[in-house]
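Worksheet for the structure shown next.
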Amino acid sequence: MTTAPASASSEWIRVEGLTKKYGTVSALSDVAFSIQPGEILGLIGPNGAGKTTLFECLAGVLPPTSGVIFIHGQPLTVRSRTRTLFYLPDAIAPWPSQTVRWVLDFTVGFFGGRRDLVGDVIDGLALSPLLTNTLGALSKGQRKRVLLAIGLLTSQPVLLADEPFDGLDLRQTREVAAILQSHARAGRTLFLSIHQITDAARLCDRFVLLSAGKVCGAGTLDGLSALARSKGGAASNLEEVFLALT
């Protein structure tokens, strides 16, 4: 694995040697990268690359076979993980019989969320017409916007969001991207698993390229482009860089 250089002083969370095996099959193999404060970090890879497995290991949903996650140079404990990371899985439908308003209120109360952000999140994600609807009655795209609201209202400094644009049309994708960028500018760190490379290229500050459970490169687009060119590959955009490095 080759990684584009990053300043050691900027590393807030560092993952080293993360491996997840199921018997003899490795879903993740020696994964290493860093997360920097206030950035939007994109996890890029095809279906089956191990993106969801990586998020579940970071969030503590799955125990890794080996490897260490550091925060400020110290191994991540259960307590520090709970304080630091909030994981938003893809394609879930929690509390299907409850209204959207109830879900947002519950998020603030149960997860210690940001009540001061509720109005802005509702407006930004166009949820006002849906507040009295139950989650189980929503379309895929509507449910995705409610799930994103849950993630944005939580108080942990790092939000892990799996496929935040799944189910959204082009206009909604661009509107949600603008909202995510505004939260990052306000200090929230976002680690987003994104299947569509063009969406990732517009939004993210840095990237982790994952293929077959292995990190093929990590860094800014400029750094990854230089790495791709050094291997004789095309590097005019993120899609070409990904193909060259994987």
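The values are calculated or read from the model by the stated rules, or taken from the named source; none is laboratory data. On a predicted model such as this, the values are computed, not experimentally measured, just so you know. As a convention, Cβ positions derive from the backbone with ideal geometry for all residues, glycine included, and neighbour counts pool all protein chains shown.
Here Pro63 fulfils each of the conditions (1) touching a helix residue (DSSP H, G or I) at 6+ places or on another chain (Cβ under 8 Å); (2) surrounded by 15 or more Cβ atoms within 10 Å (Cβ to Cβ) apart from (2). The condition of being touching a helix residue (DSSP H, G or I) at 6+ places or on another chain (Cβ under 6 Å) and within 21 Å of Thr189 (Cα to Cα) holds for only one of Gly73, Gly124, that being Gly124. Scan the stretch 66-84 residue by residue and report those that are in contact with a Cys (Cβ under 9 Å, 6 or more places away or on another chain) and surrounded by 19 or more Cβ atoms within 10 Å (Cβ to Cβ). Correct list: Ile69 only. Would you check if there is a residue in the stretch 184-197 being surrounded by fewer than 20 Cβ atoms within 10 Å (Cβ to Cβ), under 15 Å from the mean Cα position of the chain (by Cα) and of a type in the set (A, V, I, L, M, F, W, C)? Yes, because at least one residue in the stretch 184-197 is surrounded by fewer than 20 Cβ atoms within 10 Å (Cβ to Cβ), under 15 Å from the mean Cα position of the chain (by Cα) and of a type in the set (A, V, I, L, M, F, W, C). For first residues located in the stretch 191-207 and more than 9 Å from Leu43 (Cβ to Cβ), partners that are polar (S, T, N, Q) and part of a helix (DSSP H, G or I) and lie 6+ apart or on another chain with Cβ distances below 7 Å form the pairs Asp199/Thr173; Leu203/Gln181. Among the residues of the stretch 49-76, those that are of a type in the set (Gly, Ala, Ser) and either outside any loop (DSSP other than H, G, I, E, B) or in contact (Cβ under 8 Å) with a residue 60 or more places away in the chain (or both) comprise Ala49, Gly50, Ala59, Ser66, Gly67. Listed conditions (1) out of contact with any strand residue (DSSP E or B) (no Cβ under 6 Å at 6 or more places or on another chain); (2) modelled with pLDDT under 95 are all met by Thr246, apart from (1). Of all residues in the stretch 85-99, those that are in contact (Cβ under 8 Å) with a residue 12 or more places away in the chain have Cβ atoms under 6 Å from Cβ atoms of residues that are assigned to a loop (DSSP other than H, G, I, E, B) and exposed (fewer than 14 other Cβ atoms within 10 Å of the Cβ), 6 or more apart or on another chain, in Thr99/Thr132. Give me the pairs: first residue in the stretch 155-180 and closer than 20 Å to Thr52 by Cα, second residue among the aliphatic types (A, V, I, L, M) and assigned to a loop (DSSP other than H, G, I, E, B), beta-carbon distance under 9 Å, and six or more apart or on different chains, which are they? Every condition considered, the pairs that remain are Asp162/Ala91; Glu163/Ala91; Asp166/Ala91; Gly167/Ala91.
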